[in-house]
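The values are calculated or read from the model by the stated rules, or taken from the named source; none is laboratory data. Worth saying up front: this structure is predicted, and the values here are computed from it rather than measured. Counting neighbours? That spans all protein chains shown, and the Cβs are built from the backbone with ideal geometry, glycine included.
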Amino acid sequence: MERKEAKIAEAKGKLGVLLPGLGAVATTFIAGVAAVRKGIAKPIGSVSQIGTIRLGKRTDNRVPKIKDFVPLAGLNDLVFGGWDIFEDNCYEAARNAGVLDKDLLKQVQPELEAIKPWKAVFHKDYVKKLDGKNVKTGKNKMDLADQLREDIRKFKSENNLDRMVMVWCGSTEVYIEPKDDIFKTLAAFEAGMRDDHPSISPSMLYAYAAIAEGVPYANGAPNTSVDFPAMVEFAVKQGVPVCGKDFKTGQTLMKTILAPGLKARSLGLRGWFSTNILGNRDGEVLDDPESFKAKEVSKLGVLDYILQPEVYPDLYGDFYHKVRINYYPPRGDNKEGWDNIDIFGWLGYPMQIKIDFLCRDSILAAPIVLDLAIFMDLAKRSGMHGIQEWLSFFLKSPQVAEGLYPEHDIFIQLMKFKNTLRHLKGEELITHLGLEYYD
Ligand SMILES: NC(=O)c1ccc[n+]([C@@H]2O[C@H](COP(=O)([O-])OP(=O)(O)OC[C@H]3O[C@@H](n4cnc5c(N)ncnc54)[C@H](O)[C@@H]3O)[C@@H](O)[C@H]2O)c1
């Protein structure tokens, strides 16, 4: 079948990356990009920088880097800006986060010091464990969103930017189920903003401001911010790509790698117990039950969707799944995640798998921030708008069209991601059928 290449605007000029929340993840991302630019380190873990894509037949030997295949913004063209409730510049915030060592940070100190957080839109009702002074005041939530829009415009003009993207790296807000009528239509939501409706959280105001300014928005945290009909309506109307939510790192990354493998071999599951210890600020915020609830909802769905208990009642009809996060300060950002997995095989004989993942939370998340920023910009330049399901690969709880279930299997997500890139460039999609090699 003859395929047509999509019209993709050139990636010319500077790309502004707007970051609500300049904490551990955001500063590890910014410092990392600065280090890579200087040739001090390599962008390990970033699909946009390192990943390749096979084109055509296996015998064709065409395996370019993704960044040489589709026109992506280059690392030298990224400019960073962001908001935080604390006044620390990015160097101080990175030092406090304690993810990267002092020597590395020293080498990128001027770049990091130059990034000072703008006043945030924040209210303690939505993140109970934090309190900061660098916060805007306004007459209502619409006014606060207008102030964010002003920041975005100023950032664009001061830095002479061609385009922008926003990636939420702020703390996990309390769980809000978008059930109220205000979430159903854009008109109702905007009225809710003017009336200071309590179910409208700060992250929703950032998302609203981004979309209003035509800026793609990706949500890296598990709280609701763009995943309800009013915001999708707004994104489509403005021609803006959106995606979420919750960066796929650590334990859930492992889960979505392993569970598809067990299912592929028709092995059964009796129980999956996951527990974590972490001691960074994220861990402290998640120590509040209402923020943990948002995380729990995001983490728990994964197994049900991958294992399909209703399709495989003998294997997965009755498994127990529990996720715990424990705040344990001595570990800082170096999380430890344990999984105990009770499986069963031939004739129902039980077996166990134990995982002890000594990971580094922000080291796993930083390249995802980069990839989401880069691919959301590609989406916008390709004329894509609304929910970007093809970026599920990077997310723990992917946002999908109403009525669809999310695809969590990382291998299906990867295929979808790469086929979307092939589709954009008018290349043959790869199905792995491969009969042609045996004709
Ligand atoms: N690190 C990971 O592996 C990972 C994985 C998935 C999701 N996440 C999510 O990413 C987010 C960032 O994680 P982190 O480790 O950098 O946390 P962090 O606590 O170090 O940083 C979050 C920052 O956001 C700021 N903030 C909170 N509310 C804000 C608001 N309304 N406006 C502006 N700034 C605000 C906080 O002051 C803090 O500096 C968290 O929500 C976390 O759950 C992280």
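Some observations on this one:
- Test for Gly132: is it surrounded by fewer than 23 Cβ atoms within 10 Å (Cβ to Cβ), small (Gly, Ala, Ser) and within 16 Å of the ligand (Cβ to nearest atom): yes
- Taking the conditions (1) touching a strand residue (DSSP E or B) at 6+ places or on another chain (Cβ under 8 Å); (2) of a type outside the set (A, V, I, L, M); (3) surrounded by fewer than 14 Cβ atoms within 10 Å (Cβ to Cβ) in turn, Gly403 satisfies each one other than (1).
Residues checked against (1) within 16 Å of the ligand (Cβ to nearest atom); (2) at pLDDT 95 or above; (3) not charged (D, E, K, R):
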site	(1), (2), (3)
Asp314	no, yes, no
Asn326	yes, no, yes
Tyr349	no, yes, yes
Cys359	yes, no, yes
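- Helices (runs of 4 or more DSSP H) fully within segment 23-114 that include at least 3 residues being aliphatic (A, V, I, L, M), out of contact with any Cys (no Cβ under 7 Å at 6 or more places or on another chain) and surrounded by 18 or more Cβ atoms within 10 Å (Cβ to Cβ): 24-37, 90-97.
- Within segment 176-206, the set of residues being crowded, with 19+ Cβ neighbours inside 10 Å, away from the ligand (no atom under 11 Å from the Cβ) and more than 15 Å from Ala235 (Cβ to Cβ) comprises Ile176, Ile182, Gly192, Met193, Ile200.
- Against the criterion of being at pLDDT below 95 and among the aliphatic types (A, V, I, L, M), Val400 does not qualify.
- Within segment 135-161, tally of residues that are among the polar types (S, T, N, Q), free of Cβ contacts under 8 Å to residues at least 24 places away in the same chain and in a loop (DSSP other than H, G, I, E, B): 1
- Only a single criterion out of (1) touching a residue at least 24 places away in the same chain (Cβ under 8 Å); (2) out of contact with any strand residue (DSSP E or B) (no Cβ under 6 Å at 6 or more places or on another chain); (3) not in a loop (DSSP other than H, G, I, E, B) is not satisfied by Asn276, namely (2).
Each row is one residue, and each column tells you yes or no for (1) in the same structural domain as Pro330 (by TED's automatic domain parsing); (2) farther than 25 Å from Asn334 by Cβ; (3) in contact with a Gly (Cβ under 6 Å, 6 or more places away or on another chain); (4) modelled with pLDDT under 95.
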| position | (1), (2), (3), (4) |
| --- | --- |
| Leu258 | yes, no, no, no |
| Leu262 | yes, yes, no, no |
| Arg265 | yes, yes, no, no |
| Leu269 | yes, yes, no, no |
| Asn276 | yes, no, yes, yes |
| Gly283 | yes, no, no, yes |
| Ser291 | yes, no, no, yes |
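- Near pairs, Cβ below 6 angstrom, 6+ apart or cross-chain, from segment 162-176 (charged (D, E, K, R)) to any residue that is assigned to a loop (DSSP other than H, G, I, E, B): Asp162/Gly13; Asp162/Lys14; Glu173/Tyr126; Glu173/Val127; Glu173/Ser201; Glu173/Asn223
- For segment 1-24, filtered to residues that are within 16 Å of the ligand (Cβ to nearest atom) and out of contact with any Leu (no Cβ under 9 Å at 6 or more places or on another chain), the residue that is nearest to Leu105 (Cα to Cα) is Ala24.
A quick yes/no check of all residues on (1) within 15 Å of the ligand (Cβ to nearest atom); (2) part of a helix (DSSP H, G or I); (3) outside the structural domain of Ile257 (by TED's automatic domain parsing):
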| residue | (1), (2), (3) |
| --- | --- |
| Lys299 | yes, yes, no |
| Val323 | yes, no, no |
| Lys354 | no, no, no |
| Ile368 | yes, yes, yes |
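- Boolean, Leu424 is within 16 Å of the ligand (Cβ to nearest atom) and touching a residue at least 24 places away in the same chain (Cβ under 8 Å): no
- Any hit, segment 230-239, residues being among the acidic types (Asp, Glu) and either within 15 Å of Glu177 (Cβ to Cβ) or modelled with pLDDT under 95 (or both): no
- Look at (1) within 28 Å of Ser46 (Cβ to Cβ); (2) over 16 Å from the mean Cα position of the chain (by Cα) and you find that Arg270 fails only one, number (1).
- Some residue of segment 247-258 being among the small types (Gly, Ala, Ser) and on the phi < 0 side of the Ramachandran plot: no
- Checking each residue in segment 174-199 for being under 30 Å from Leu370 (Cα atoms) and modelled with pLDDT under 95 picks out Val174, Tyr175, Ile176, Glu177, Pro178.
- Pro330 away from the ligand (no atom under 14 Å from the Cβ), surrounded by fewer than 21 Cβ atoms within 10 Å (Cβ to Cβ) and not in a loop (DSSP other than H, G, I, E, B): yes
- Among the residues of segment 224-254, the ones that are crowded, with 21+ Cβ neighbours inside 10 Å, of a type in the set (Lys, Arg) and more than 13 Å from the ligand (Cβ to nearest atom) come to 0 in all.
- All conditions in (1) crowded, with 20+ Cβ neighbours inside 10 Å; (2) in contact with a Pro (Cβ under 6 Å, 6 or more places away or on another chain); (3) of a type outside the set (A, V, I, L, M) hold for Gly317, with the sole exception of (1).
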